[in-house]
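Working notes, structure below.
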Amino acid sequence: MSDKLQKIIDARGPIKKIGVLGMGYVGIPAAALFADVDKFEKVLGFQRNSASSGYNIDMINNGESPLKGEEPGLEDLLRKVTDTKKFECTPDFSRITELDAVTLAIQTPFKNPADLIPDFGALIEGIRNVGKYLKPGMLVVLESTITPGTTKGMAKEILEEESGLKAGEDFALAHAPERVMVGRLLKNIQEHDRIVGGIDEASTKRAIELYSPVLTKGKIIPMSATAAEVTKTAENTFRDLQIAAANQLALYCESRGINFYDVRAGIDSLKGEGITRAILWPGAGVGGHCLTKDTYHLERGIEIAGESPLDYPENTDSIYVLARKVNDFMPNHMFKLTEEALANAGKEIKGSKIAMLGWAFINDSDDARNPPSEPYRDLLVEAGAKVMVHDPHVLSYPNVEIEKDMESVVKDADAVVILTGHSEYFKLNPADVKEVMGKDQPVVVDGRNVIKPEEFIDGGFVYRGIGRGDIN
Ligand code: SAJ
């Protein structure tokens, strides 16, 4: 414990004023919840006044959420904390000097996963802005998902370079990764346990003081900054691995002519005595901003900062990277199923009209970051198909027409292909769909196990489904 830092923090007193950099899916709900804590006096949300997102500032200060999609409770909370001016959004980074703690919730995508190069541009700019106005005794927390080693490495270096202060002596520094999912942002922040990792004990202690008041059901799990970085990247990597395991088993079941869902129910039945066989769900692919990149953060973290050389079987791919490859393969498999089914109906992809149902990467959401639908659509277009896309939630997407009227998309289609498990697709009625398609041998391909195959086959459809080797 750096006594010097603890003394400076004690002299500064309890955290009263907080800043949040990055007014997005993580930063906005986090800032609003901080502002709703009685003992915190003021929260500033920092947003660059850029052409692409400057409009957020006025929206937020009017108590409106610029986030797309349903976020239960967020608008009411935003209105409450902006009406009282407890929460204010500003482009003026110099106001960081007023604060006791600053968090950074900025996207950390990968430029090129193949050679593990992340795009830390926006994060570095944010850290520099904090460094410029950093004062002794302040706490800086990285909430973004980052390569293990970044907090004690790049972040610490930039903050010290910009401020002339020393981390762990003059200011506190920690990593407290976000664990939110769209559609339940506030709930996740309040109810999920919070991993808090300081670069030293004083930093961890100060970060615990910041996050504890926001938690309702969740509890604080303290650890070192690097352990926190590995925890976050690993929890998403493990989820991706579990999904890949389900996808691979589904491909095996297809090749063996059996039903994955029977097998899954069978494996899942082994319970009790602490046995859990959590099998996730196969599907048309893995999208989003998290599972598609966090494996590479973890891999990079081992590659660039391994304390001791990694002991791992020679010339052997990391199972985590292999899992990424299996999950990235699923849109290709959807293409193969579509091709096969059309061939059964005496058709080719070339010249066929394909109705894609679902563009969002996750069900009942408008979030279309890295959607598996995109590589699937690209393969169809390349093969000469006419493609139309329906999604009830996604408003727009670069270079893709997203239709809201499902009938216009399904009309005259040779094949209907389900890519996202939106609730309304569970209600698809074979007779209605067949009528709108107007084909003798309509094709349906189910990438999310949302329809009952028998009903469609009895309705005259050629059916293909992920994992349904018993029917395909
Ligand atoms: N998916 C499957 N099969 C499954 C589960 C998901 O194919 O059984 C697909 C989904 O369709 C989607 C993708 O994987 O395309 C990701 O889905 P997700 O449910 O993991 O959603 P994310 O990426 O928004 O949320 C994950 C969560 N991480 C974990 O549960 C470990 C969430 O808790 C994190 O907060 C989030 O990443 C994040 O921000 O890191």
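Relative to the dominant Cα principal axis of the chain, helix 74-83 is inclined by about 30°. For the pair Asp470 and Lys39 in one chain, pulling the backbone fully straight at 0.36 nm per residue adds 149.1 nm over the alpha carbon distance.
Residues His422, His333, arranged from fewest to most other Cβ atoms within 10 angstrom of their Cβ, appear as His333, His422.
In summary, the aspartates and glutamates within cross-link reach of Lys325, defined as a Cα separation below 17 angstrom excluding same-chain residues under 8 places away, comprise Asp115, Asp240, Asp294, Glu299, Asp317, Glu374. Note on the chain: helix-only mean residue ellipticity at 222 nm, from DSSP H runs of 4+ residues weighted -39500 (n - 2.57) and normalised by residue number, equals -12000 deg cm²/dmol.
Of all beta bridges that DSSP places with both ends in the chain, some 15 percent have antiparallel geometry. Taking the longest Cα principal axis of the chain as reference, the axis of helix 319-344 is set at about 30 degrees. Per-residue packing, averaged as other Cβ atoms within 10 Å, sorts the ranges 3-12, 29-38 into the order 29-38, 3-12, beginning with the highest.
The angle between the Cα long axis of helix 373-382 and the longest principal axis of the Cα atoms of the chain comes to about 50 degrees, rounded to the nearest 10.
Ranked by how many other Cβ atoms sit within 10 Å of their own Cβ, fewest first, the residues Ile117, Ile146, Ile18 fall in the order Ile117, Ile18, Ile146.
All of the numbers you see were taken from the coordinates with simple rules; none came from a lab. Computed from a prediction, not measured in an experiment: that's the story for all the values here. Neighbour counts are summed over all protein chains in view; Cβ atoms, including those assigned to glycine, are modelled from backbone coordinates with ideal geometry.
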